[in-house]
Structures are given as C-alpha cells and as structure tokens.
Amino acid sequence: MTRKAKCTATKSKKVSVGRRIWRITYRTILALWLISILWVVMLKYVPVYFTPLMIRRSVEAVVNGEKPHNEKRWIPLTEIHYNLPLACVASEDNLFLTHNGFSKTAIVGAIEDHRKGKPLRGASTISQQTAKNVFTFGTHSWFRKGIEVYYTILIENIWGKERIMEVYLNIVELGNGIYGAEAASQHYFNKTAAKVSRPQAAIIAAALPNPRKYSITRPGPYMLRRQAQILALMPKMRQLPFDCIGSKVAKKTKDTFGSSIKK
C-alpha cells in the first residue's frame, strides 16, 4: 500500500470513529431528553412520595451516626386549607400566577440589593424550588442550577400552576425530617392541613427560607416579624384559582383575599 493510500485509510478511520462518537452522544442526549419528558409527564399524575433531597438528608443522617427521620404524607390539594398556598405565595413568590417560572422582578431586585452591599438573597420562584426539590439533590453548584432551570421550564409547561403548588406543598422541607403541609400541620399543631389557621399557615411560610434553622413552635423575633408581614400580605393577594378547603367559602364571602397581587 502506498503512503497516500495509507494516509487516506487513516483519515477514513478517524472520520468513522468521529461519526460513531457523535452518534452515541446524540442518541444518549436524545434518550435522556425523552426520559426527562416522560418523567415529568408521569409525575403530573402520580404522587411524589420521595425526592432526591429526602434521600440526601437520610444519607447525611447516617453519615453523622443518626437514624434517618422522615415524616411525610401525600394529600391532594383539595385537602389542604387555602391558607397554606396563600401564605406561601405571599411569603415566597407573590408573582407566582403571572410569571413563567422565573421572576424577572425578583432577580433584578436581588442583583440591585447585592450591588448596594446587602447580603445576596435568593430569587427562586415556587416553581424553581419545586423543580430543585423534585429533580435534584439540592447541592450548591451551577450544574444543579442548570438542571433546575431545565425542569422549571418543563413543569411550567406540562404541570401548570395548580399541580406545581400541589407538589410543592407536599414535598417542601418544613423541619428536620418533616416534608409537606400535612406532616408539618400534624407535627407542629396536631391537626390536619385542612384545618390550619391563617396565623399557623403564616408561621409555616415564615420558616421556608431555612426550615431547619427557624423554629415554628418556638419562633424568635425574626419569625414573629416575618409572620406578621405575611399575615398583612395575605389579604392583598390575588384569588388563587385552586380548589382547596376554604377557597369556596372565601369566594362566597367578602373575604376574597383582594383582587390584585401587591408588587
């Protein structure tokens, strides 16, 4: 074989290997994309009984020589009092009904506060928090943030706001080993999520920035101040289009929680 022929054969092999690598990469990405879509579609109808965050907390407990502790019970949104989603929206994401998963107002506000020398605060919406808790381990990295953004877009378009709120209220961390509105209501107030009062819903929502740090049963000055702020905001919220216990009663009375969201 001549030198020219050998060079041609070598180039041909390189091109062939490159094509194989591209095909494998393309098929892998396509398969992962399809799996992610199917996963999100499935969870639109199937209760989310466990999340990566719950697994992470259990592993952390074992590593620390502790026994994993998990209190959780899935209940439909119709069995959760309207006070709870209203308090969460007032506390965490008052533009929840109007944004597409990301709040430009909150992001710009956080950047401006940081430029003024204030501590960097989170600007995650309820949709982003739900995506983070359901589809990631909640670690601090740009890779995790990228996954969170991707799944936020998916659940906004596939689940819709009501399902996002239902999942959020069932899987959100509300204490050490306590997940969801029902578990929190029974643990802290010895009652179901269907009977939570406004002050109780507000104190639960007040703990959401760091539920393992702030005590719901023994609230300090910050928690009490935050509870008062949430209680003041709740009547100013737009009527949430969710079928919860208490929502139908509110619609039949003057207590309709206002007509617009305070921006």
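For the range 79-96, the tally of residues that are surrounded by fewer than 20 Cβ atoms within 10 Å (Cβ to Cβ) and touching a strand residue (DSSP E or B) at 6+ places or on another chain (Cβ under 9 Å) stands at 1.
When restricted to residues that are charged (D, E, K, R) and free of Cβ contacts under 8 Å to residues at least 40 places away in the same chain, the range 52-76 contains 3. Residues in the range 52-78 that are exposed (fewer than 14 other Cβ atoms within 10 Å of the Cβ), more than 17 Å from the chain's Cα centre (by Cα) and in a helix (DSSP H, G or I): 59, 60, 62, 63, 78.
Working carefully through the options 160, 175, 138, 109, find the one that is surrounded by fewer than 15 Cβ atoms within 10 Å (Cβ to Cβ), within 24 Å of residue 73 (Cα to Cα) and modelled with pLDDT under 95.
On the way: 175 fails: surrounded by fewer than 15 Cβ atoms within 10 Å (Cβ to Cβ); 138 fails: surrounded by fewer than 15 Cβ atoms within 10 Å (Cβ to Cβ); 109 fails: within 24 Å of residue 73 (Cα to Cα).
Step by step, each of 160, 175, 138, 109 is checked, and only 160 is surrounded by fewer than 15 Cβ atoms within 10 Å (Cβ to Cβ), within 24 Å of residue 73 (Cα to Cα) and modelled with pLDDT under 95.
If I filter the range 178-193 down to residues being in contact with a strand residue (DSSP E or B) (Cβ under 7 Å, 6 or more places away or on another chain) and either outside the structural domain of residue 73 (by TED's automatic domain parsing) or not β-branched (Val, Ile, Thr) (or both), which single residue comes out as surrounded by the fewest Cβ atoms within 10 Å (Cβ to Cβ)? So that I can check it myself, show each step before the final result.
Within the range 178-193, the first condition is being in contact with a strand residue (DSSP E or B) (Cβ under 7 Å, 6 or more places away or on another chain), and the residues that meet it are 178-180, 183-184, 187, 193.
Keeping just the survivors that are either outside the structural domain of residue 73 (by TED's automatic domain parsing) or not β-branched (Val, Ile, Thr) (or both) gives 179-180, 183-184, 187, 193.
Details: 179: 26, 180: 23, 183: 21, 184: 26, 187: 15, 193: 28.
Applying the filter and picking the extreme gives 187.
Within the range 194-216, track down each residue that is surrounded by fewer than 20 Cβ atoms within 10 Å (Cβ to Cβ) and touching a residue at least 24 places away in the same chain (Cβ under 8 Å).
Filtering the range 194-216 down to residues surrounded by fewer than 20 Cβ atoms within 10 Å (Cβ to Cβ) leaves 194-195, 197-199, 208-215.
Result: 194, 195, 197, 198, 199, 208, 209, 211, 212.
Residues of the range 203-250 that are in a helix (DSSP H, G or I), at pLDDT below 90 and either closer than 15 Å to residue 92 by Cα or more than 23 Å from the chain's Cα centre (by Cα) (or both): 235, 236, 248, 249, 250.
With the structure loaded, tell me whether residue 194 is modelled with pLDDT of 90 or more, among the aliphatic types (A, V, I, L, M), touching a Cys at 6+ places or on another chain (Cβ under 6 Å) and not in a loop (DSSP other than H, G, I, E, B) or whether it fails that test. Talk me through it step by step, then tell me what you get.
Working: modelled with pLDDT of 90 or more: yes; among the aliphatic types (A, V, I, L, M): yes; touching a Cys at 6+ places or on another chain (Cβ under 6 Å): no; not in a loop (DSSP other than H, G, I, E, B): yes.
No: the conditions fail for residue 194.
The values are calculated or read from the model by the stated rules, or taken from the named source; none is laboratory data. Model, not experiment: these values are computed from the prediction. Cβ atoms come from the backbone with ideal geometry, glycine included; neighbour counts cover every protein chain shown.
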